[in-house]
Amino acid sequence: MPARLHLRLLLRLAVAAPALPARVTWFHARALCVAISRHDHFTLRSMAAPHQLVVLVRLARGRRRVVELGTATGWTAAALALADPRRTVITCDPNVQPGRDRYLRLLSPATCARIALLRTTGLAAATLDAQPVDVLFVDASHERQATVDEWRAWRPRLAPGGIVIFHDYDHPDFPGVAQAVAELGLTGEQRAGMFVWRAPR
Ligand SMILES: C[S@@+](CC[C@H](N)C(=O)[O-])C[C@H]1O[C@@H](n2cnc3c(N)ncnc32)[C@H](O)[C@@H]1O
């Protein structure tokens with residue numbers, strides 16, 4: 001990955017930083033340095049970008065129970081846990097991506113304790129616990145049928161007024177996300193390349 005791209009990643013964080021909680025910026029900056037020094041191209045390409053974190057953190061404000069489908073190396077789970085000390089983040093991924101623990105070690109034990117890492121698919125995770133969910137962040141396979149199935153499995157679990165955020169909604173490499181949203185007939189808003197659906201109160 002060329003130095004120009006590293007610089008762009010750092011600049012994007014610098015631009016987003018004023019709108020992010022300082023704890024989130026500090027984590028993201030240190031994680032970026034580790035990823036760049038370790039040539040962790042997977043993480044640098046797959047993580048939610050800083051301007052998307054700004055939107056995610058705002059949407060999740062005041063919402064305690066967050067579920068993420070697609071942990072990857074845990075950066076978004078960490079950001080959402082850091083943004084609110086009363087929040088619990090449950091995140092699932094059937095694949096434990098290399099380096100995940102290295103990034104999670106940047107968190108305090110107390111913050112780590114609020115992140116539940118499940119080694120399973122987003123679909124299977126929906127059956128594991130029955131508590132209502134305030135925010136569902138869908139960032140897993142990005143395939144149409146899997147995304148439709150995940151939404152159907154998690155919809156009954158959403159708290160009144162809960163939100164579902166589909167990452168990569170307008171990403172040309174992942175047409176399955178927009179196809180799933182269309183197939184489900186969801187109406188919502190687009191924010192920073194993500195699709196946001198709100199459950200009635
Ligand atoms: C784009 S990355 C997620 C990035 C992460 N949300 C972040 O912002 O840092 C997608 C992840 O979804 C995982 N994945 C693929 N299929 C999945 C499924 N059916 N359920 C849950 N996770 C899945 C992959 O293993 C990969 O780690």
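What follows is calculated from the coordinates using simple rules that are stated; it is not laboratory data. The structure presented is a predicted model; accordingly, all values stated were derived computationally and were not measured. Virtual Cβ from ideal backbone geometry, glycine too; neighbours counted across all protein chains shown.
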If Q131 meets every condition in (1) out of contact with any Leu (no Cβ under 7 Å at 6 or more places or on another chain); (2) within 12 Å of the ligand (Cβ to nearest atom); (3) polar (S, T, N, Q) apart from one, which number is that one?
(2)
Yes or no: segment 37-56 includes at least one residue that is at positive phi and either free of Cβ contacts under 8 Å to residues at least 24 places away in the same chain or more than 12 Å from the ligand (Cβ to nearest atom) (or both).
yes
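Could you tell me which residue of segment 60-75 is surrounded by the most Cβ atoms within 10 Å (Cβ to Cβ), considering only residues that are over 12 Å from L136 (Cα atoms) and near the ligand (Cβ under 7 Å from one of its atoms)?
Initially, segment 60-75 is screened for residues over 12 Å from L136 (Cα atoms), giving 61-62, 71-75.
Pick out the ones that are also near the ligand (Cβ under 7 Å from one of its atoms) and you get 71-75.
Numbers: T71: 26, A72: 24, T73: 26, G74: 28, W75: 24.
Selected residue: G74.
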How many residues are within 9 Å of the ligand (Cβ to nearest atom) and in contact with a strand residue (DSSP E or B) (Cβ under 7 Å, 6 or more places away or on another chain) if we restrict to segment 86-117?
2
Scan segment 114-139 and report the pairs whose first residue is among the small types (G, A, S) and whose second residue is more than 10 Å from the ligand (Cβ to nearest atom), with Cβ atoms within less than 6 Å and a gap of 6+ or a chain change.
A116/I90; A126/A153; A126/W154
Suppose we filter A78, A125 for residues that are more than 25 Å from H41 (Cα to Cα), within 13 Å of the ligand (Cβ to nearest atom) and buried (at least 20 other Cβ atoms within 10 Å of the Cβ); which single one remains?
A125
For segment 1-69, which fully contained helices (runs of 4 or more DSSP H) count at least 3 residues that are among the aliphatic types (A, V, I, L, M) and within 25 Å of A125 (Cβ to Cβ)?
50-59
Report, by residue number, each residue of segment 142-168 that is closer than 18 Å to H51 by Cα and in contact (Cβ under 8 Å) with a residue 60 or more places away in the chain.
I165, H167
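Quick check on P109: is it surrounded by fewer than 18 Cβ atoms within 10 Å (Cβ to Cβ), touching a residue at least 40 places away in the same chain (Cβ under 8 Å) and over 23 Å from M194 (Cα atoms)? Steps first, please.
On the way: surrounded by fewer than 18 Cβ atoms within 10 Å (Cβ to Cβ): yes; touching a residue at least 40 places away in the same chain (Cβ under 8 Å): no; over 23 Å from M194 (Cα atoms): yes.
No.
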Any residue that is more than 16 Å from the chain's Cα centre (by Cα), farther than 19 Å from A153 by Cβ and polar (S, T, N, Q) - is there at least one of those in segment 22-34?
no
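Can you confirm whether V177 is more than 15 Å from the ligand (Cβ to nearest atom) and either more than 21 Å from G74 (Cα to Cα) or buried (at least 18 other Cβ atoms within 10 Å of the Cβ) (or both)? Quick ask: steps written out before the conclusion?
On the way: more than 15 Å from the ligand (Cβ to nearest atom): no; either more than 21 Å from G74 (Cα to Cα) or buried (at least 18 other Cβ atoms within 10 Å of the Cβ) (or both): yes.
Here the answer is no, as V177 does not meet what is asked.
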Just for segment 136-150: of the residues that are crowded, with 23+ Cβ neighbours inside 10 Å and either farther than 21 Å from G74 by Cβ or more than 8 Å from the ligand (Cβ to nearest atom) (or both), which one is farthest from the chain's Cα centre (by Cα)?
T147
Just checking, does segment 169-186 include any residue being assigned to a strand (DSSP E or B) and either in contact (Cβ under 8 Å) with a residue 12 or more places away in the chain or among the charged types (D, E, K, R) (or both)?
no
Would you check if there is a residue in segment 100-122 being polar (S, T, N, Q) and assigned to a strand (DSSP E or B)?
no
Where a residue in segment 64-77 is within 14 Å of A35 (Cα to Cα) and its partner, wherever it lies, is basic (K, R), with Cβ under 9 Å and at least six apart:
A72/R100; T73/R100; T73/R102; G74/R100
